[in-house]
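The values are calculated or read from the model by the stated rules, or taken from the named source; none is laboratory data. Since this is a predicted model, take the numbers as computed values, not measurements. Neighbour counts run over all protein chains shown; Cβ positions are idealised from the backbone, glycine included. When the accessible area is computed, the model is the full protein with side chains, heavy atoms only, and any ligands, DNA or RNA have been set aside. Shrake-Rupley method; radii C 1.70, N 1.55, O 1.52, S 1.80 Å.
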Amino acid sequence: MENTSFVAAELTAEILSIGDELASGQRLDTNSQWISQQLMDLGIRVCFHTTVGDVFEDNLIALRTAASRTDVVVITGGLGPTADDLTREAMAEAFDLPLELREEALLHIEALFALRKRPMPERNRVQAMFPRSSAIIPNPHGTAPGIDLQVSVHDASQRLRTSRLFALPGVPAEMREMFSSSVQPSLIRGLGAGATRWRYHSMKVFGIGESDVEKLLPDLIARDREPRVGITVSKATITLRIAARCAEEEEFQSVIASTVEQVRGALGNLVFAEGELDLHHAVHRNLEASNVRLGVVEVGASNRIGQMLSTLQRSGGYGLRTARWLASTAELRAAADGLKCSLQDTDALTGSLAALAESMVATQELDACLAVGIYPTLEEVEQAALLPHADFTMCLARKKRPTKSNTITLGGHPEVLYHRLAKTALNFLRIESLRD
């Protein structure tokens, strides 16, 4: 069932997930994520994810809406034999296409039951019913064949448009095999998908707020711009994701080159990496490249920096060879305990941290030592009346160089605050290293 005359300049798609277990949150919808990735790899832009429960009228609305606004609709779930499986009936009524029995599908279902030495319940016969003019999507390993249906519907402006619907079972293993063997080839042959694909380039930013990034890059964030630039934030790291639809990677790099340079020019050292690295990866790479032996001392209720860098050391990230990270020894913990008398005095705390970092460099065969604190306790964070915040001091001691210090007040949601504090210290280390 192919329509080779329908080739969109940019195909759009909606993914429709059906089932009470998904709409209620009792089960995580992993199918939509996987399907989105496959469609984007074919150059099809996924515009909507819709989840609808097992209510017939809701299914009708969801199907008609999806077909009226996108070129491709991929539906998962609702193809079983029980009364709450409504997809085939909803597709038939939504587009006024009566259900018809397909002998080919019925024979396949009967053969599966025979292979399992079980009689086929009469109710399974419904799985061989298809909306008129639709095609069968074979399901080699299950009793729920899929449905391939092309419809013509009116969009919101009452213009007639064509939409291609693919209904697949919700079982992930069956759905993925059917998508790869049947849906993907149909999208390529029938709709011209795959000639280009969506490609992405990430630029990682730290040390500025999301709204401030947009102020510095107002034209780049415009939604009608090509290539597109989106902003996301995770664990205090800002990611600028540049996207364009191109046939080859070389073409993509050419298309985004001026955008990448604009970002670099506007944000400068605020950009710490490109790709999927986070801040501790970038710092690790820089330290290894310069052959720096680093010590880290963290005072307070957390040791996020040591954990992050130690993980890279254990995994051999970036071929770590001569650099080494020193965890807190008993002597260091005792020295940190001696800081308690200065915890309420910022100047005294800064002096104590600086002295501790300098002592580490002098006695532990280090090139540099980063001493930070104070991490608030979890109880202090959770009991904060307002948005949790902390005064955080960072000191960097290095051989034959002046010790650098900075104190900053930082806030954030309890689940973000520790990440922000640790990354602020890592960024302090990164920036000071760049100034050498």
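Remarks
- Net charge of Cβ neighbours under 10 Å - reference Asn139; Lys, Arg +1; Asp, Glu -1: -2
- Cβ charges +1 (Lys, Arg) and -1 (Asp, Glu), total dipole of the stretch 260-301, debye: 160
- Dipole axis of the stretch 353-436 (+1 Lys, Arg; -1 Asp, Glu on Cβ), positive-most option in Pro376, Leu356, Phe392: Leu356
- If the chain linking Leu115 and Ser202 were pulled fully straight, counting 0.36 nm for each residue of separation and taking away their Cα-Cα distance, it would gain 26.3 nm.
- Protection proxy ranking of 23-30, 389-396, 182-189, by the mean of other Cβ atoms within 10 Å over each peptide's residues and highest first, is 389-396, 182-189, 23-30.
- In degrees, nearest ten, helix 103-115 long axis to first principal axis of the chain (Cα): 70
- For Arg197, nonlocal amide neighbours, meaning residues 5 or more places apart or on other chains whose placed amide H falls under 5 Å from its own, are Cys246, Ala247.
- Between the amide H of Asn139 and those of Gly146, distances stay under 5 Å, these residues lying 5 or more places away or on another chain, with hydrogens modeled in the peptide plane.
- C-alpha center-to-center spacing [the stretch 111-160, the stretch 278-297] in angstrom: 56
- For the chain, a crude dipole built from +1 on the beta carbon of Lys and Arg and -1 on the beta carbon of Asp and Glu, taken about the Cα centre, is about 1220 debye to the nearest 20.
- The distance linking the stretch 193-214 with the stretch 92-109 is 44 Å (Cα centroid to Cα centroid, whole angstrom).
- Integer Hz, Karplus 6.51/-1.76/1.60 couplings in order for the stretch 247-253, x for Gly and Pro: 6, 10, 5, 4, 4, 4, 4
- Relative to the longest principal axis of the Cα atoms of the chain, the long axis of helix 279-289 lies at roughly 60 degrees.
- Using the Karplus relation 6.51 cos²θ - 1.76 cosθ + 1.60 with θ = phi - 60°, the per-residue 3J(HN,Hα) values for the stretch 23-39 come to 5, 7, x, 6, 9, 7, 8, 8, 4, 5, 4, 5, 4, 4, 4, 5, 5 Hz, with x marking Gly and Pro.
- The residues of the stretch 139-218 expose on average 43 square angstrom of accessible surface per residue, using a 1.4 Å probe on protein heavy atoms.
- Cα-based reach from Lys204 at 24 Å (exclusive), listing lysines while leaving out same-chain residues under 8 positions away: Lys215, Lys235, Lys423
- For the chain, the share of accessible area belonging to carbon and sulfur comes to 50 percent (1.4 Å probe, ligands and nucleic acids excluded).
- Estimated purely from DSSP H runs of n ≥ 4, each contributing -39500 (n - 2.57), the mean residue ellipticity at 222 nm for the chain is -11500 deg cm²/dmol once divided by its residues.
- Amide H partners (placed H, <5 Å) of Leu165, local residues excluded: Val73, Leu149, Gln150, Val151
- To the nearest ten degrees, helix 56-69 and the longest principal axis of the Cα atoms of the chain are 80 degrees apart.
- Hypothetical label at Leu378: residues of the stretch 288-303 whose amide nitrogen lies under 14 Å (7 Å Cα-Cβ projection): 301-303
- Listed values (i) 154; (ii) 207; (iii) 146, entry calculated as volume of the Cα convex hull per residue in Å³: (ii)
- Calculated FRET efficiency for the pair Ala301/Ile61, C-beta based, R₀ 45 Å, to 0.05: 0.35
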